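Comments concern the structure below.
Quick note: the coordinates plus some simple rules give every number you see, no bench work behind them. Nothing here was measured: the structure is a model prediction, and the numbers come from that model. Here the Cβ positions follow ideal geometry from the backbone for every residue, glycine too, while neighbour counts run over all protein chains shown.
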Amino acid sequence: MDSAGPDAASSTATRTVRAVAQAEPPAAPGTASSATPGSASSDAAATATQHWLRLASDFTRSPQGHSATLGFFGALLITFGGFGAGSVRRSDPLLEAMHLSWLRFGHGLVLSSVFVWLGVIAMITAWVRLGRIVIGKQPGATVTLGELRAIVGIWIFPLLFAVPMFSRDAYSYLAQGAMLRDHINPYALGPSALGQNAATVLDNVSPVWLYTTAPYGPVFLLIGRAITTITGDNVVAGTIALRLVMLPGLVLMVWAIPHLTKHLGGKPTIALWLAVLNPLVLIHLIGGVHNEMLMVGLMAAGIALVLEHRHVEGIVVVAIGVAVKATAGVALPFLVWIWMIHERERRAALNEGDLPHPFRTFAKISALGVTIFAAVFVLASWATGLPVNSWFGWLTALSGSKKIINWLSLPTIMAHMVTWVTPLTLDAVLSWTRMLCAVVMVGLLVWAWWRFKSSEKVAVFGILVAFVAIVVLSPAALPWYYSWPLALAAGFALSTRTLQVLVGLCTWLMLIFQPDGSPVSSIVHGTLAIFFAVVAALSLCKVDPLKLRAAQSHTDRHPPTDQFSGTAAPGPA
């Protein structure tokens, strides 16, 4: 994954780069009393500009600057390649007007796909290089939290203008928002109910979701309604607006992840690198336009607030996350334990002894949590204007995920294995394996909630266990679902070996879906995904895990000999 050795940038440049996140531009040099205010202001602006240009120049020459640049160009390649190979519109008048519609077919599609995959590999390589600096495996190179935050912005900027990548979910979001805008109940009917009222949007919705009711909470439907009210049925403007709406979720993650490390024992730079700069997160959640970006950001921020004894605010934020996507609700029962732990600590600090009535305290805190959640839910549902009897329709619509059948979920893997050794059909077996895994999942969730309650760190670990159980045992799983547990796992102190495993897993997940959103079906592609995942994991600790340089160096020292005369073959003229 990495062919470049340790960068030779000077320590002076590195120290200068660190100042980017902290240093203020130096004041303009003093001027003579005869200088006019206009000239002094101009000199100050010129000096400040030179200062920032110098910092930017030093940054680009540093190891972390090289990674930032490589990742940026990778994102550019993904954006350009996406116009032909991404989850493009069925009919794209914009490309046709620019005479670029050939990018979507034949050799143009092949070229576009090459651009996308080169961009993905470039971003993964840049991420692994940056990780090597973060964990201290590249001598003489360091990176600050401020620099990592800046790199997040550098990497996502090109993706803001890409077509939806690796998924068509954005079109479903717009369709559901248009339904609420047009006074059609998205909890009772699927997007097909739009008919010709929003044909441009409807034409681009994945067929599997045309007749599926919305499985998202009222807050997200309100967002969709606001966007489609402003952009109308303009899919391009709507997609860009959706991405912009997701950015607060990214900002919340950038804020929350380092705060989680204070309570969970992790290192802020490693956590931000793993959970936010991860190509699996940026390419899928920003490039793919998934509401997980909002949900995970709200959930992480809410947990961080609760850990910092801001219980009511934290539960409100998590409740808003649930009203975006129900998955965030997994965290709420564990937050009750954290609140109880803080109450116990407060009493101990005041020499009031332990909780006199633990069950009564539990009931009180639980009631407060339920009340806060109910208030958020009722307010958001009321704002949608939907009838009260359909307010819970999004929870029943969650079963729609069973339409997804891929081998990322354990029930599907089990069903396929049964069909290999028996004459049974996949449909006949899949319902049973899904039922079995659902029972196991519920049992694991209850066990994790009861088992992990002794401290706030243990309680957050319980949330992590619960998310892993849901991702693995759910009827369906998609690559970006792994961003749920990843956001919490990053806050803990992780060994280098664990980080390598996570790098390999994230790389593999990033490579197993096609840019148009379809899963990989080629054995060659699947094998290459495994190969690159292993190389990425090894590259986190070694610059050249395949020893390609050693082979090249050996060839340079020992040129091939002429097989007839035994003399060295002549080099290039």
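Tell me which DSSP H helices of the chain clear both cut-offs, 27 Å or more of axial length from alpha-carbon atoms and a mean Kyte-Doolittle hydropathy of at least 0.0. The partial results should precede the final answer.
Values: long enough: 37-61 (36 Å, -0.39); 63-85 (33 Å, 0.85); 106-134 (42 Å, 1.53); 235-264 (42 Å, 1.49); 358-384 (39 Å, 1.34); 426-451 (36 Å, 1.30).
Within the chain the helices that satisfy the rule are 63-85, 106-134, 235-264, 358-384, 426-451.
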Contact order normalised by residue count of segment 166-395, Cα under 8 Å, 6+ apart, percent: 21
Quarter of the Cα convex hull surface for segment 166-395, i.e. its orientation-mean projected area (nm²): 13.6
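Does segment 468-533 come out rounded, prolate or oblate, given a ≥ b ≥ c as the square roots of the eigenvalues of its C-alpha gyration tensor, rounded meaning a/c under 1.5 and, failing that, prolate meaning a/b above b/c?
In terms of gyration-tensor shape, oblate.
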Using a simple charge model, +1 on the beta-carbon of Lys and Arg, -1 on the beta-carbon of Asp and Glu, nothing else, what dipole does segment 61-218 show about its Cα centre, in debye to the nearest 20? 540
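What FRET efficiency do you get for ALA375 and ARG346 if R0 is 35 Å and r is their Cβ-Cβ distance, rounded to the nearest 0.05? List each step's numbers first, then the result.
Working: r = 25 Å, r/R0 = 0.71.
E(calc), rounded to 0.05, equals 0.90.
Of the lysine pairs in the chain, how many meet both conditions: Cα atoms under 16 Å apart, and a spacing of 8 or more in sequence or different chains? The partial results should precede the final answer.
On the way: LYS137/LYS267; LYS137/LYS542; LYS262/LYS457; LYS267/LYS457.
Lysine pair count for the chain: 4.
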Restricting to DSSP H runs of at least four residues, report the calculated mean residue ellipticity at 222 nm for the chain, -39500 (n - 2.57) per run over all residues, nearest 500 deg cm²/dmol. -20500 deg cm²/dmol
Report relative contact order for the chain in percent, whole number only (criteria: Cα-Cα under 8 Å, sequence separation at least 6). 16
Put +1 on the Cβ of every Lys and Arg and -1 on every Asp and Glu Cβ in segment 71-159; which of GLN138, LEU77, VAL116 then has its Cα farthest towards the positive end of the dipole? GLN138
Shape of segment 35-145 from its Cα gyration tensor (a ≥ b ≥ c, root eigenvalues): rounded if a/c is under 1.5, otherwise prolate when a/b > b/c, or oblate? oblate
Based on alpha-carbon centroids, what's the gap between segment 225-267 and segment 355-431 in Å, whole number please? 23
Separation between the LYS364 and TRP450 pseudo-spin-labels, each 7 Å from Cα along Cα→Cβ, expressed in nm? 2.5
Quick shape summary for segment 250-379, equivalent ellipsoid via Cα gyration tensor, semi-axes whole Å in descending order, reads 30, 19, 9
Dipole moment magnitude, nearest 20 debye, the chain about Cα centre, only Lys, Arg, Asp, Glu C-beta charged: 940
Ratio of the chain's C-alpha Rg to 2.2 N^0.38 Å, to two decimals? 1.08
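Round to the nearest 0.05 the FRET efficiency obtained for PHE105 and THR496 when R0 = 35 Å and r is the Cβ-Cβ distance.
E(calc), rounded to 0.05, equals 0.15.
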